[in-house]
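Q: Below is a structure I'd like to ask you about.
Derivation of every value follows stated rules applied to the coordinates shown; laboratory data play no part. The model shown is predicted, which means the values in this text are computed figures rather than measured ones. Backbone-built Cβ (ideal geometry, glycine too); neighbour counts: all protein chains shown.
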Amino acid sequence: MCGRTVCSLGADNLRRACAYRDSRGRRRQPEWVNADRYQPSYNRGPQSHGPVLLSRRHFEKGADSSERVLTTMRWGLVPSWFKKDDPSKLPFNTSNCRSDTMLTKSSYKGPLLKGKRCVVLADGFYEWQQHDGGKQPYFIYFPQTTNETAERKEGDEEWKGWRLLTMAGIFECWEPPAGGDALYTYTIITVDASKDVSFIHHRMPAILDGEEAIRKWLDFAEVPTQEAVKLIQPTENIVFHPVSTIVNSVRNNTPECLAPIELGVQKQVKATASSKAMLGWLKSSQEGSPRKEENELPRWTSQFIHSPSPKKTSAGILQQWLGKEGEPAAKKRKA
């Protein structure tokens with residue numbers, strides 16, 4: 001499943017990170033529809049508003065369906081047929097939609113067949129592994145390369161920062177029966193977890209890996225539903241690391257939520273040179289993001305798993321991201 005995400009980029013950098021090529025091969029950036037409503041978050045939960053990509057044709061009839069727009073929608077799909085005035089009174093959870101029922105349940109089948117497909121954007125998502133001592137959270141994300149974490153030069157329009165996790169979603173537009181502003185909401189499609197992350201949880205988001213998959217999912221005018229749903233598959237192209245249980249509370253919205261911790265030893269986790277470098281990179285690259293001074297870094301005690309560590313770790317990717325201990329990756333690359 002997917003019940004908590006991170007999207008820490010500011011509005012301008014998020015737009016740059018979503019650059020694409022339209023049907024004519026022109027490199028473009030999606031236009032923001034309501035950038036003033038977007039708020040970065042290190043710990044976003046259902047019922048909050050998050051960023052999504054969708055085809056411009058959903059907002060402008062006759063527009064090129066390959067053109068994209070960025071907008072914010074509320075997480076948790078409200079069906080268009082819901083008759084009560086308060087959407088929070090929906091009696092069932094729609095933050096996730098199972099791939100095996102998305103074409104049978106009326107809440108999802110209707111909008112999906114109408115082409116209401118979107119891409120939910122995130123740095124990554126959190127998932128909890130249950131064990132005898134409680135639950136251990138993990139941060140799960142796309143592998144990052146040196147180029148993707150490179151230092152951005154002034155005037156450089158090409159995005160070289162964090163590669164966003166792109167999750168398949170379905171959206172809907174709900175209008176209050178008594179009148180008022182329309183509410184756009186979305187759900188994240190989930191699939192069986194891939195082998196590498198199944199030890200954490202048996203479900204995971206349907207991740208669209210690569211520009212071609214994103215293009216096919218969004219371009220509802222050119223790619224029919226029957227073809228688009230073939231993209232909904234588990235992916236092995238992800239990495240992860242354990243994080244502190246401070247992320248358990250959605251009220252905690254700081255970079256410390258996704259800082260890696262060490263499992264296996266019950267001890268107080270302190271801010272290391274590596275974690276400070278990681279947090280520094282996040283802060284320097286995300287204008288308009290929630291911020292916190294480094295000298296305010298908390299020291300927390302976590303719940304640890306006493307079983308052997310999973311085979312797949314984030315050690316290699318974090319070395320690429322952070323560079324050697326205490327040295328930002330950008331500096332290491334120049335050496």
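Q: Assign unit charges at the C-beta atoms only (+1 for Lys and Arg, -1 for Asp and Glu), then state the dipole size of the range 1-123 relative to its Cα centre in Debye, rounded to the nearest 20.
A: 340
Q: Using a Förster radius of 30 Å, what is the FRET efficiency between residue 22 and residue 135 based on their Cβ-Cβ separation? Nearest 0.05, please.
A: After rounding to 0.05, the efficiency reads 0.10.
Q: Below 12 angstrom from the Cβ of residue 207, what's the summed charge of the other residues (Lys, Arg +1; Asp, Glu -1)?
A: Here the count lands on -1.
Q: Another question, if that's okay. How big is the range 43-189 along each principal axis, measuring the range of its Cα positions in Å and listing the largest first?
A: 54, 51, 28
Q: 5 Å is the cut-off here: which amide hydrogens, built 1.01 Å from N in the peptide plane, fall below it relative to residue 48, excluding neighbours closer than 5 in sequence?
A: 75
Q: May I ask you to evaluate 6.51 cos²θ - 1.76 cosθ + 1.60, the Karplus curve with θ = phi - 60°, for each residue of the range 72-77 and list the ³J(HN,Hα) values in order in whole Hz, giving x for glycine and proline?
A: 10, 9, 7, 7, x, 5
Q: What is the spin-label model distance, in nm, from residue 195 to residue 60 if the labels are put 7 Å beyond Cα along the C-beta direction?
A: About 4.7 nm separates the two model spin labels.
Q: Now a separate question. Measure off 7 Å from each Cα along the Cα-to-Cβ vector at residue 12 and residue 211, then give the distance between these two points in nanometres to one decimal.
A: Between residue 12 and residue 211, the simple spin-label model gives 2.4 nm.
Q: In this model, which of 135/216; 61/114; 114/230; 116/230; 83/109 are farther than 25 Å apart at the alpha-carbon?
A: From the list (135/216; 61/114; 114/230; 116/230; 83/109), the Cα-Cα distance tops 25 Å for 135/216.
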